[in-house]
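Remarks on the structure that follows.
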There are 2 protein chains.
Amino acid sequence: MSVISVENKPVLQLLDDRSPDVRTEFLNNLAGYRLRQVSNAFMSDFAAAMTGTGMRPVQVSILSVVDENPGVRQGEIGRALGVARANMAPLMAELEGMKLLERIPDEADRRAVSVFLTKSGQAMLKNCKARIRAHEHRTLGRLTESERKTLLRLLNKI
Amino acid sequence: MSVISVENKPVLQLLDDRSPDVRTEFLNNLAGYRLRQVSNAFMSDFAAAMTGTGMRPVQVSILSVVDENPGVRQGEIGRALGVARANMAPLMAELEGMKLLERIPDEADRRAVSVFLTKSGQAMLKNCKARIRAHEHRTLGRLTESERKTLLRLLNKI
DNA sequence: TATTGTTATACTCTATAACTATA
DNA sequence: TATAGTTATAGAGTATAACAATA
């Protein structure tokens with residue numbers, strides 16, 4: 001958290017400034033290690049970008065999935081996001097308690113529930129998306145447009 | 001875990017197979033989101049690669065830093081790896097208990113300890129490094145050598 | 001005063017097992 | 001039998017505060 005900048009400065013001051021006398025050559029050349037460092041820095045900046053909204057990253061991702069799939073079943077959201085069923089239950093109850101989404105029993109399959117965004121949920125998602133766009137702009141500020149596309153292409157290829 | 005392959009198959013079956021009927025367009029175009037997915041998949045494969053050694057990723061990274069910096073102080077390791085001092089204490093005690101490293105009080109600064117790998121620690125690190133090389137080969141199998149270099153370059157630039 | 005290392009603690013995320021009600 | 005959702009629980013990772021010893 002302390003090494004993350006919210007202004008237009010480097011996202012990662014990790015290996016530039018951190019303990020300059022300590023060698024970390026092996027780790028630095030591991031793609032997986034760098035990926036985790038960068039991913040953690042993104043997550044910290046993402047969480048900071050949500051400050052004031054009361055939303056955590058996983059909550060925003062759920063709203064986004066419901067927005068693009070109105071009426072989607074709870075289990076489907078979890079599968080799409082990689083969140084275990086057992087962990088979806090309290091997450092959904094929390095978002096329902098915040099009046100951001102509604103869970104309506106599915107009449108065809110009475111075990112399941114269909115999920116919809118409320119007006120509040122739509123407004124919250126819109127607010128969060130604007131913050132996320134600013135977050136991406138900050139965190140990818142050092143890359144050209146072409147480099148960003150390359151990065152996404154390589155990540156999608158892995 | 002269940003979607004991660006340890007053979008020479010795709011590391012990520014995430015958005016290819018997962019809930020094909022659920023749209024996740026907004027999230028898919030966020031670099032931060034894809035970074036996290038890929039990073040998590042790497043971590044899962046990494047952890048799986050360590051099976052049988054009794055080592056977790058953070059423990060291997062500590063051994064690696066001590067190996068490249070014999071006599072380094074405990075706090076320096078934590079700073080280099082982004083692990084808080086408070087969390088380094090039990091980690092180091094654990095590795096010392098496994099006889100993989102030694103902590104020798106620093107005579108110049110008696111608050112500090114200098115850390116060294118034992119013979120066991122050196123052997124363990126060698127074993128883990130071999131597993132990590134195989135892990136990187138698996139996880140980056142879909143990328144050409146040139147693409148791997150580009151990926152590392154872009155990650156380092158962020 | 002500041003720093004090294006320690007302890008205690010708490011919060012989030014993740015993972016598993018067992019339960020219900022439906023199918 | 002299998003599936004949707006729930007509950008309880010446990011583990012790892014991470015964060016802060018307070019402390020003792022030393023600088």
#### Entry: Boolean, A:L81 is under 15 Å from A:V60 (Cβ atoms), away from DNA strand C (no atom under 14 Å from the Cβ) and within 14 Å of chain B (Cβ to nearest Cβ)
no
### Query
Just checking, how many residues over region A:70-99 are near DNA strand D (Cβ under 9 Å from one of its atoms), charged (D, E, K, R) and under 16 Å from A:L125 (Cα atoms)?
1
### Filter result (within 16 Å of DNA strand C (Cβ to nearest atom) and touching a strand residue (DSSP E or B) at 6+ places or on another chain (Cβ under 8 Å)) within region A:63-78
A:L63, A:V65, A:R73, A:Q74, A:I77
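Yes/no per residue for (1) more than 7 Å from chain B (Cβ to nearest Cβ); (2) at pLDDT below 95:
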position: A:E68; (1), (2): no, no
position: A:G75; (1), (2): yes, no
position: A:N87; (1), (2): yes, no
position: A:S114; (1), (2): yes, no
position: A:L117; (1), (2): yes, no
position: A:K126; (1), (2): yes, no
position: A:T139; (1), (2): no, yes
position: A:T144; (1), (2): yes, yes
position: A:K157; (1), (2): no, yes
### Message
Taking the conditions exactly as written (within 14 Å of another protein chain (Cβ to nearest Cβ), free of Cβ contacts under 8 Å to residues at least 12 places away in the same chain and surrounded by fewer than 21 Cβ atoms within 10 Å (Cβ to Cβ)), does A:N29 satisfy them or not?
### Response
yes
### Query
Only one of (1) part of a helix (DSSP H, G or I); (2) away from chain B (no Cβ under 13 Å); (3) within 16 Å of DNA strand D (Cβ to nearest atom) is not met by A:Q122, so which one is it?
(3)
#### Entry: Residue among A:R103, A:R133 that alone is surrounded by fewer than 18 Cβ atoms within 10 Å (Cβ to Cβ) and without any contact (Cβ under 8 Å) to a residue 12 or more places away in the chain
A:R133
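Does B:V60 satisfy the condition of being in a helix (DSSP H, G or I), under 30 Å from B:L151 (Cβ atoms) and touching a Leu at 6+ places or on another chain (Cβ under 6 Å)? Give the derivation first.
Values: in a helix (DSSP H, G or I): yes; under 30 Å from B:L151 (Cβ atoms): yes; touching a Leu at 6+ places or on another chain (Cβ under 6 Å): no.
Spelling it out, it is not the case that B:V60 is in a helix (DSSP H, G or I), under 30 Å from B:L151 (Cβ atoms) and touching a Leu at 6+ places or on another chain (Cβ under 6 Å).
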### Query
How many residues, within region B:106-128, are crowded, with 16+ Cβ neighbours inside 10 Å and either touching a Ser or Thr at 6+ places or on another chain (Cβ under 7 Å) or within 21 Å of B:S44 (Cα to Cα) (or both)?
3
### Message
Testing A:K149 on (1) more than 7 Å from every other protein chain (Cβ to nearest Cβ); (2) more than 30 Å from B:R138 (Cα to Cα); (3) more than 14 Å from DNA strand D (Cβ to nearest atom), one condition comes back false. Which one is that?
### Response
(2)
### Task
Evaluate region B:41-56: report whether one residue or more is surrounded by fewer than 16 Cβ atoms within 10 Å (Cβ to Cβ), within 9 Å of chain A (Cβ to nearest Cβ), away from DNA strand C (no atom under 13 Å from the Cβ) and at negative phi.
no
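The values are calculated or read from the model by the stated rules, or taken from the named source; none is laboratory data. In this text, all values refer to a predicted model and were calculated from it rather than measured experimentally. All Cβ positions, glycine included, derive from the backbone under ideal geometry; neighbour counts span all protein chains shown.
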